[in-house]
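Derivation of every value follows stated rules applied to the coordinates shown; laboratory data play no part. These numbers come from a predicted model, not from an experiment. As a convention, Cβ positions derive from the backbone with ideal geometry for all residues, glycine included, and neighbour counts pool all protein chains shown.
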Amino acid sequence: MVVAVDKQRCRVRHGTVKEPARILVVGGGYVGMYTALRLQRKLKSELRRGVVEITLVTPDPYMTYQPFLPEAAAGSLSPRHVVVPLRRILPHCRVVVGEVTAVDHAARTAAFTTLATDGEGAAPARLPYDELVLAPGSVARVLPVPGLAEHAIGFRTVEEAIGLRNHVIEQMDIASATRDPAIRNAALTFVFVGGGYAGVEALGELEDMARYTARHYHNVQPDDMKWILVEATDRILPEVGPGLARYTVSELRRRNIDVRLGTRLESCLHRVATLSDGSRFPTRTIVWTAGVRPHPLLAATDLPLTEGGRLRCTPELTVEGTPHAWAAGDAAAVPDVTAPEPGRHTAPNAQHAVRQARLLGDNIARSLRGEPLRPYAHRQTGSVASLGFHQGVARIRGRTLKGYPAWFIHRAYHLSRVPTLNRKTRVLAEWTLSGLFQREIVSLGSLEHPRAEFELAAGGKPSHNPGKPTGNDSKE
């Protein structure tokens, strides 16, 4: 059977295969990976016959399942089980580890750099395409807070999550080894900025981990540690509703976590967190999770953007007024057709990103075959959040759950959503083993500087002092 793929460019006519339709997917996160996976399944016969080519350009050769980052930081999950290798699950796609720096959609080309060209002064290479999927995601929304760039750490990648785990344990080692009360106090003070999912879950899991770890120190008690959550608005976790947000604040405060609502971080110069309420906390740990912003790549394209910097999209996930350009997820302002009032867009969260990616793959396949597109319509069914081991909150179809039931649903939901049976099995096995054996409390900060020991043995000056704590403490 002859398939007419993209009639405008006449890729296939009367059974004669010409130049294949080139689909470029920018980004290897939720949208990029799931879209490529969907296209790989929907266009199986076309890929086999060389009618279609799919290229995915991503800075990392894996997709990070971000809801598992707090558990990876707490040691409940191995870091390798939080990521999904793209080449393994996308065998029929060309995966390029690199970064797209600009897009000229009028010319159907994207400029990109790779590990082989980055840093050598070479001009970015050009990658031609016929269909473009822009899914670079988002980056941390960093405010001009004095000292923030020098001393804070984010919580969006597996490297940051594991680095933060190592750092917290190292601070406990410092506090245990010093006799200076000022150094001890700063080492045991942990400030988290941002009361969304990332901040609350990271704080809950790490505080729970540190509380357990303190059992193995003869002179560090859980009450010696100060955990502070700073949120600029008057509530945390806006996705779960006011009732559960108040419960979460009460639960965190019951664990002696200092929750400060309506408060901003004004400065962190000289390793002192200065808050807008006048409080000052000497600290060696500042975790920044105060929101995200669209990826800077979007500004380097000739595609239409909203005032907030996201791509203007249609319900069918095409870029508004721009043929052969598609987008979804954090980078896209997709109209919410299920909203009671017009003009609203879908929230930039994982639940929408995964579902949009599947429809996006379907619509691209339909477009190539000349079939009508379908709009994205999904009403969010609920939200779940973990507050540490056996603690959580959930709102499912209007019903609220707290404590262990919510924590269990949180795990069950994300287990069902993590890609591939291989990862599901490994995560479930690790959860089962963590329930039978004690939690690991080892800090492997030296992994961040693997040549330091050899440099010292070779008689040179190590680029990193093995005896000096890693993470935030590597910056003076």
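Before moving on, here are some points about what is shown:
- Within the chain, the proportion of Cα pairs with more than 34 Å between them is 40 percent.
- Value of D in µm² per second that Stokes-Einstein yields for region 261-304, Kirkwood Rh from Cα pairs, at 20 °C (1.002 mPa s): 164 µm²/s
- In region 192-289 the Cα-Cα distances spread across 10 Å bins starting at 0 as 15, 47, 31, 7, 0 percent of all pairs.
- Taken over region 126-195, the alpha-carbon convex hull comes to 160 cubic angstrom per residue.
- Antiparallel bridges, percent of DSSP beta bridges restricted to region 53-136 (to nearest 5): 75 percent
- Pair N185, L436: separation of 7 Å Cα→Cβ label points (nm): 4.7 nm
- Helix-only CD estimate at 222 nm, as mean residue ellipticity for the chain, using -39500 (n - 2.57) per DSSP H run (n ≥ 4): -9500 deg cm²/dmol
- Calculated over region 282-377: convex hull of Cα atoms, volume per residue (Å³): 145 Å³
- Average projection area in nm² (convex hull over Cα atoms of region 20-77, one quarter of hull surface): 4.7 nm²
- The trypsin sites (Lys or Arg not before Pro) found in region 165-262 that occupy coil by DSSP, while having at most 13 further C-beta atoms within 10 Å, are R179.
- Listed from fewest to most Cβ neighbours within 10 Å, the set H324, H81 follows the order H324, H81.
- Taking F68, F408 and counting other C-beta atoms within 10 Å, the order from fewest to most: F408, F68
- The loop-placed trypsin sites (Lys or Arg not before Pro) in region 344-414, going by DSSP, that have at most 16 neighbouring Cβ atoms within 10 Å of their Cβ come out as R344, R369, R379, R397.
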